Amino acid sequence: MAETHKKILFRYYSDLLEDTVVETMWAEIIDLEKGYFKLDNIPFFGPLIATEDIFFAEYDEDEECLVYRKTIESFGNSILQVVILEKGFDKEIIREELKLINCASEGLNETLFAVEVAKDTDYSIVKDLLSQYELQEIIEFAEPCLSEKHRTDLLKN
């Protein structure tokens, strides 16, 4: 069976953690010889890349694996980070609400999850939802990778 995906190492500075982090994510092989891949995971800590973006990675002798080097083409999806501030609040409540407006998410632990806002989703609706929770001090959220399309959604409203 032909190999379709590779694990790629991402090393970057995270504003959320205020530190350099290493994250390993799955990517679909576009052109192995050229080192082109399409991201197939929702990043947790906020590199400047979103799901379905095309990027360049190459084998790194020191890391002994494929390492992300740069994003080549942005697909238009956005990635958000949500931190639960209210003790004992079930993050699944918000994740379910996001799912209803076409936003996939992945939980890291009880208090942190990453959200994928699909290109075709009106970002102002997503932002309104999260802002309501933020006003109640249930969550805080960040927009580490907001696409051009989603920035435009905010200007329209």
- Note on the structure: Taking segment 130-153 and keeping only residues that are among the aliphatic types (A, V, I, L, M) and out of contact with any helix residue (DSSP H, G or I) (no Cβ under 6 Å at 6 or more places or on another chain), one is left with LEU130, LEU135, ILE138, ALA142, LEU146
- Task: With respect to PHE89, determine if the residue is assigned by the TED database to the domain that holds ALA27 and surrounded by 15 or more Cβ atoms within 10 Å (Cβ to Cβ).
- Result: no
- Say whether the condition of being in contact with a strand residue (DSSP E or B) (Cβ under 9 Å, 6 or more places away or on another chain), more than 17 Å from SER14 (Cα to Cα), open to solvent by less than 70 Å² (accessible area, probe 1.4 Å) and part of a helix (DSSP H, G or I) is met by at least one residue in segment 106-123. yes
- Message: What's the number of the only condition in (1) among the aliphatic types (A, V, I, L, M); (2) in contact with a Ser or Thr (Cβ under 7 Å, 6 or more places away or on another chain); (3) within 25 Å of ASP19 (Cβ to Cβ) that ILE101 fails to meet?
- Response: (3)
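The values are calculated or read from the model by the stated rules, or taken from the named source; none is laboratory data. In this text, all values refer to a predicted model and were calculated from it rather than measured experimentally. Note: ideal-geometry Cβ built from the backbone for every residue, glycine included; neighbour counts use all protein chains shown. Areas reflect the complete protein model, heavy atoms only, side chains present, ligands, DNA and RNA absent. Shrake-Rupley method; radii C 1.70, N 1.55, O 1.52, S 1.80 Å.
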